[in-house]
Structures are given as C-alpha cells and as structure tokens.
2 protein chains.
Amino acid sequence: MDNKEKIELFEKTFPFWDKMSEDDKATFIRSSSNVYFKKGTNIHNGDNCTGVILVKTGALRLYLLSDEGKEITLYRLFPGDMCIMSASCVLSTITFDVFVDSEENSECFVVGGCAYEDLANRMPEAKIFALETAVSRFSDVMWVMQQILFMSTDKRLAIFLLDETAKTGSDTVKLTHEQIAKYMGSAREVVSRMLKYFASEGILTSSRSEGIKILDKKKLRQLAL
Amino acid sequence: MDNKEKIELFEKTFPFWDKMSEDDKATFIRSSSNVYFKKGTNIHNGDNCTGVILVKTGALRLYLLSDEGKEITLYRLFPGDMCIMSASCVLSTITFDVFVDSEENSECFVVGGCAYEDLANRMPEAKIFALETAVSRFSDVMWVMQQILFMSTDKRLAIFLLDETAKTGSDTVKLTHEQIAKYMGSAREVVSRMLKYFASEGILTSSRSEGIKILDKKKLRQLAL
C-alpha cells in the first residue's frame with residue numbers, strides 16, 4: 001500500500017484528518033502498516049496494545065473468553081469499521097480483556113497505539129473520536145447482553161439466522177452448529193436441539209454437507225418478534 | 001443548597017470547571033437542582049434525558065429491565081459518583097435503555113442535560129469527561145457480563161456476599177434472597193438453594209429475621225477464587 005492509498009483511507013476513517021498538522025500526518029503514515037490476517041487468526045488477546053485496526057476487507061470478530069474457554073461474541077467489524085478495543089493504551093479506562101480474531105481472510109491497516117495516543121493527548125478531536133467509537137460499541141455489547149440474558153434461545157436463534165441470511169444475501173447459512181453456538185454464546189447441544197425443532201416445524205433443513213437452508217422465512221420472522 | 005455549595009460540588013466533580021467561562025458557570029448553576037429521592041424511587045427509565053446526576057448521599061442502582069420484568073444490575077453509584085447514562089442527549093451514541101433507581105434515600109444534584117450538551121459541544125474537555133465516564137462504566141458492565149455468563153452461581157454468590165460484608169463492614173447481610181437474586185441477575189430459587197447449601201457447609205446461617213450471617217469467611221473466600 002503506497003502513501004496515497006494510506007492517506008485516502010485515513011481521510012475516510014478519521015473525521016479529524018484535515019485538521020491534523022503535516023508533521024502529525026507524517027507520523028501517522030510512518031507508524032502504520034498494512035497487515036493480512038488469515039481466516040481464524042487471533043489478532044489481539046487483551047494483553048497488549050495492538051493498535052487501532054482499520055478493516056479494509058474481510059471481517060473481524062470481537063469476543064470475551066472465559067477461563068474455561070467459553071466464548072461470547074460481542075460484535076463483528078466489517079470493511080470501513082475501526083477497532084479501538086485493540087488499542088488499550090489509547091483508552092486507559094477500558095480495563096477488560098477483549099479478544100479479536102479474523103473471521104475471514106482480512107486485509108487490515110494497523111495504526112500504532114502510541115502514535116494515536118500521542119495525537120489524542122494533544123488533539124481533542126482524536127480523543128473524542130476514539131471515545132465515541134468505544135461508546136457506540138458499548139451499545140452493541142449491551143444489545144448482545146440483553147439478547148443473551150433476557151431472550152429465549154428460539155428467539156435468539158431465529159434472529160441470528162435472519163441476520164446471517166440478510167448479511168450474505170443467501171438463504172443458506174454455511175456454519176456448523178458449534179460455530180453458531182459460539183456466536184450466540186450458547187451451547188452446541190442447545191443450538192442443535194433448537195435447529196432440529198425448527199426443522200420439524202418445516203422452517204429449515206440442516207445437514208452437515210449443505211449447511212442450514214431456510215425454507216420458511218415468514219415463520220422464522222414470527223419467532224424473532 | 002445555595003450557590004456556594006453548588007460551586008463546591010461542581011469544582012470537585014468536573015475537572016474542567018476552572019476552565020469554564022463565567023457565563024457557562026452561571027448557566028450550569030441556573031440549570032441544576034437539588035433533588036431528594038426516596039429509597040426505591042425510579043429516577044430514570046431510559047426514555048428521556050433526565051440529566052447528569054451527581055450523587056451526594058445514598059446510592060443509585062443502574063440496571064437493565066427485560067420485557068418480562070427481569071432485572072440485571074449493571075453497577076451502583078455512591079457519593080461522589082456521576083451518572084451520565086441518564087443524560088442520553090449528551091451521549092447520542094448510547095442507544096440502549098438503562099434504568100436508574102435510588103437504592104437508599106439519596107440526595108442528588110441534577111444538571112440539566114441540555115446545559116451539559118450545549119457545553120460539551122463547545123468545550124472538548126466537557127465532552128471527553130462525559131465519554132470517559134461512560135467508557136469506564138463500560139468496563140464495569142463487561143465485568144458483570146463475564147460474571148453472569150461465565151461464572152457458576154456458587155462462585156458468584158460467594159463473591160457477592162464477600163463484597164457486601166466488605167462494603168458494610170459487618171458479617172451480616174441484611175438482604176432478602178429475592179434482593180440478592182436481583183442484584184446477581186439470577187433467580188430467587190437458585191439463590192435460596194445455594195444459600196441452603198452454604199448453610200449446610202457451615203459457611204453461614206440464613207433466617208428471615210436476622211438475615212445472612214457469615215460464619216466461615218475463609219471457606220467463602222475459597223469458593224470465590
């Protein structure tokens with residue numbers, strides 16, 4: 001990625017780019033790099049300050065991980081999104097450990113945490129942008145929390161399947177029961193049982209080779225209400 | 001509360017107070033008021049912009065409420081704390097509904113949301129302070145989420161009882177099983193069963209009249225590890 005491409009991405013992502021001094025712009029360009037992550041790579045594990053990650057292509061998944069290995073997906077980031085949770089040095093008030101994986105082959109652009117932190121300390125707009133990004137993710141996480149803790153599994157599974165089909169534009173969901181359970185913060189057994197129930201209701205078919213095929217979207221939508 | 005008292009509280013709470021113009025200070029003083037909340041009052045229900053609440057005495061509880069009436073306590077605020085979640089107009093990126101109750105008779109000081117919002121739009125320090133307060137609460141909420149979703153009930157109950165005794169400085173917890181369940185985001189039946197189990201292990205005694213009396217703190221601490 002040459003500097004011109006970098007600058008274009010920065011202009012698009014950071015609303016304060018035009019107000020930055022030439023020196024600061026040069027520092028940002030110098031301390032940032034293009035990184036490719038293979039599908040399934042762990043990018044950030046909570047310990048370090050990986051930096052501010054801008055997603056160019058692919059998808060990242062942010063999740064919590066328990067000592068026993070249980071995962072809860074908080075949200076996903078797609079092209080154009082910025083990951084600020086991986087820059088713990090920028091947001092000192094974030095004290096929980098979040099994990100970031102590449103869910104697909106992803107092309108990202110990582111701005112060094114120190115460079116961003118240094119700018120944020122001098123330029124309120126940069127600090128406000130980082131904080132506002134975090135607070136809007138706070139809302140995403142609260143949604144997940146309410147979904148997990150308050151909703152019944154059938155409703156949650158229906159919503160998940162509808163979201164997936166809406167996102168991919170296909171009526172087939174090519175995920176294993178295990179993967180779905182992980183994303184939903186549920187157990188594989190629970191998901192498998194619920195899918196079997198949905199199949200018995202004529203809502204979908206589920207097979208190892210073909211994945212989950214939605215047959216009756218109207219019924220699924222009623223469950224999601 | 002006269003103006004002198006107001007100014008003292010503002011100075012203590014807002015790190016940007018000294019940098020405010022005299023006009024802005026006068027607006028803050030004019031658009032703020034002293035409010036008493038009786039124990040158990042619902043102060044904020046997510047819909048409106050109640051304003052920025054400063055706790056002088058007592059305690060506030062912030063929680064999520066499901067359609068079915070299930071509650072999950074997110075965190076509590078004590079004297080000296082500021083509640084920004086009740087000022088939805090200040091933080092437009094907060095899109096979830098949070099409920100605020102006074103857990104005890106509480107004396108609060110409410111700054112009008114519009115006054116704060118107007119200042120935050122002109123003074124980056126005020127905006128950053130509001131956002132940083134929200135982000136640090138984000139960490140509290142993530143802790144609760146991990147506690148609820150990852151931990152087993154015995155561990156959670158042990159931690160809750162230890163926290164309570166540490167906070168009150170007494171070995172007796174004067175809360176009903178129902179109240180404990182609410183705070184833990186659990187069911188009363190689950191809490192009652194676990195307390196019975198703890199009693200059978202000689203860790204505590206539980207009675208309606210005397211509350212929960214911790215007998216073996218060492219054992220309780222081991223459960224909390």
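Measuring from a point 7 Å out along Cα→Cβ, what nm distances, shortest first, does B:GLU22 have to its partners in the other copies?
In ascending order, 4.3 nm.
What percentage of the solvent-accessible surface of the stretch A:71-174, computed with a 1.4 Å probe over protein heavy atoms, is contributed by carbon and sulfur atoms?
In the stretch A:71-174, the share of accessible area belonging to carbon and sulfur is 48 percent.
Going highest first, how would you order B:14-26, A:153-165 by mean Cβ packing within 10 Å?
Put in order of decreasing packing, that is A:153-165, B:14-26.
Answer with one residue from B:LEU225, B:ASN34, A:LEU62: the one whose Cα lies farthest towards the positive end of the charge dipole of the protein assembly as shown, charges on Cβ with Lys, Arg +1 and Asp, Glu -1.
The residue sitting most towards the positive pole is B:LEU225.
State, as an integer percentage, the relative contact order of the stretch B:116-225 based on alpha-carbon contacts under 8 Å between residues 6 or more apart.
The normalised contact order for the stretch B:116-225 reaches 24 percent.
Based on DSSP H runs of at least 4 residues, each adding -39500 (n - 2.57), what is the mean residue ellipticity at 222 nm of chain B after dividing by all its residues, to the nearest 500 deg cm²/dmol?
It comes out at -14500 deg cm²/dmol, rounded to the nearest 500.
Let me check the size of chain B from its C-alpha atoms; what are the radius of gyration and Dmax in Å?
Spelled out, the Cα radius of gyration and Dmax of chain B are 19.9, 64 Å.
Going by amide H atoms built from the backbone, whose H comes under 5 Å of the H on B:HIS44, apart from near neighbours?
B:VAL100
Give the long-range amide H neighbours of B:SER88: residues separated by 5 or more places, or on another chain, with amide H under 5 Å away, using H modelled in the peptide plane at 1.01 Å from N.
Under 5 Å from the amide H of B:SER88 lie the amide H atoms of B:THR50, B:GLY51, each far enough along the sequence or on another chain.
With a 1.4 Å probe, how much accessible area is buried between chains A and B, both sides summed, in Å² to the nearest hundred?
3100 Å²
For peptide A:129-142, compute the average count of partner chain beta-carbon atoms within 10 Å of each residue's beta-carbon.
Whole-number average of other-chain Cβ neighbours for A:129-142 is 6.
Kindly give the semi-axes, whole Å and largest first, of the ellipsoid equivalent to the stretch A:175-223, taking each as the square root of 5 times a Cα gyration tensor eigenvalue.
For the stretch A:175-223, the semi-axes come out at 18, 13, 9 Å.
In whole Hz, with x marking every Gly and Pro, tabulate ³J(HN,Hα) for the stretch B:214-221 from phi via Karplus 6.51 cos²θ - 1.76 cosθ + 1.60, θ = phi - 60°.
6, 9, 10, 5, 4, 5, 5, 5
Order these peptides, A:186-194, A:85-93, by their mean beta-carbon neighbour count within 10 angstrom, highest first.
Going by the mean number of other Cβ atoms within 10 Å, highest first, we get A:85-93, A:186-194.
Using a label position 7 Å from Cα in the Cα→Cβ direction, what is the ascending list of nm distances from B:GLY46 to the same site in the other copies?
Label-point separations across copies, in nm and ascending: 2.7.
For B:LYS218, list the lysines whose Cα falls under 21 Å from its own Cα; do not include residues on the same chain fewer than 8 positions away.
Counting by Cα, and skipping residues close in sequence, B:LYS218 has these lysines nearby: B:LYS155, B:LYS167, B:LYS174, B:LYS196.
Taking H as built 1.01 Å from N, whose amide H comes closer than 5 Å to the amide H of A:TYR75, not counting residues under 5 places away?
A:LEU62
In sequence order, what are the phi-derived ³J(HN,Hα) couplings for the stretch B:182-187 according to the Karplus relation 6.51 cos²θ - 1.76 cosθ + 1.60 with θ = phi - 60°, rounded to whole Hz, with x for glycine and proline?
4, 5, 8, x, 10, 9
Once the dipole of the stretch B:10-168 is set up with Lys and Arg at +1 and Asp and Glu at -1 on Cβ about the Cα centre, which of B:ASN48, B:PHE150, B:PHE129 lies farthest towards its positive end?
It is B:PHE150, whose Cα lies furthest towards the positive end.
Quantify how strongly other chains surround peptide B:84-96 by giving the mean number of their Cβ atoms within 10 Å of each of its Cβ atoms.
3
Lysine pairs in the stretch A:1-50 with alpha-carbon atoms under 17 Å apart, 8 or more places apart or on different chains: how many are there?
For the stretch A:1-50, the number of qualifying lysine pairs is 5.
Find every distance from the label point of A:LYS155 to the corresponding label point in the other copies (7 Å from Cα along Cα→Cβ) and write them in nm, one decimal, shortest first.
In ascending order, 2.8 nm.
Looking at the calculated P(r) for the stretch B:1-48, what percent of the C-alpha pair distances fall above 16 Å?
51 percent
Students sometimes get this wrong: rank A:GLU103, B:GLU117 by accessible area, probe 1.4 Å, all chains present, largest first.
From most accessible down to least: B:GLU117, A:GLU103.
Any idea what log10 I(q)/I(0) is at q = 0.08, 0.10 Å⁻¹ for the protein assembly as shown, Debye with uniform C-alpha scatterers and no solvent?
At q = 0.08, 0.10 Å⁻¹ the computed log10 ratios are -0.57, -0.88.
Where the eigenvalues come from the Cα gyration tensor of the stretch B:54-127, what are the semi-axes √(5λ) of the equivalent ellipsoid, largest first, in whole Å?
Output for the stretch B:54-127: semi-axes of 23, 17, 9 Å.
Using the Karplus equation 6.51 cos²θ - 1.76 cosθ + 1.60 (θ = phi - 60°), what ³J(HN,Hα) coupling, rounded to whole Hz, does each residue of the stretch B:122-130 give in order, writing x for Gly and Pro?
Rounded to whole hertz, the list is 9, 10, x, 4, 5, 5, 4, 4, 5.
Once the convex hull of the C-alpha atoms of the stretch B:92-225 is built, how many Å³ does it hold per residue, rounded to a whole number?
Convex hull of Cα atoms, per residue: 147 Å³.
The values are calculated or read from the model by the stated rules, or taken from the named source; none is laboratory data. Everything numeric here is computed off the predicted structure, so don't read it as measured data. Note that each Cβ is placed from the backbone with ideal geometry, even for glycine, and that neighbours are counted across all protein chains shown. Keep in mind that these areas ignore ligands, DNA and RNA; they rest on the heavy atoms of the full protein, side chains included. Shrake-Rupley method; radii C 1.70, N 1.55, O 1.52, S 1.80 Å.
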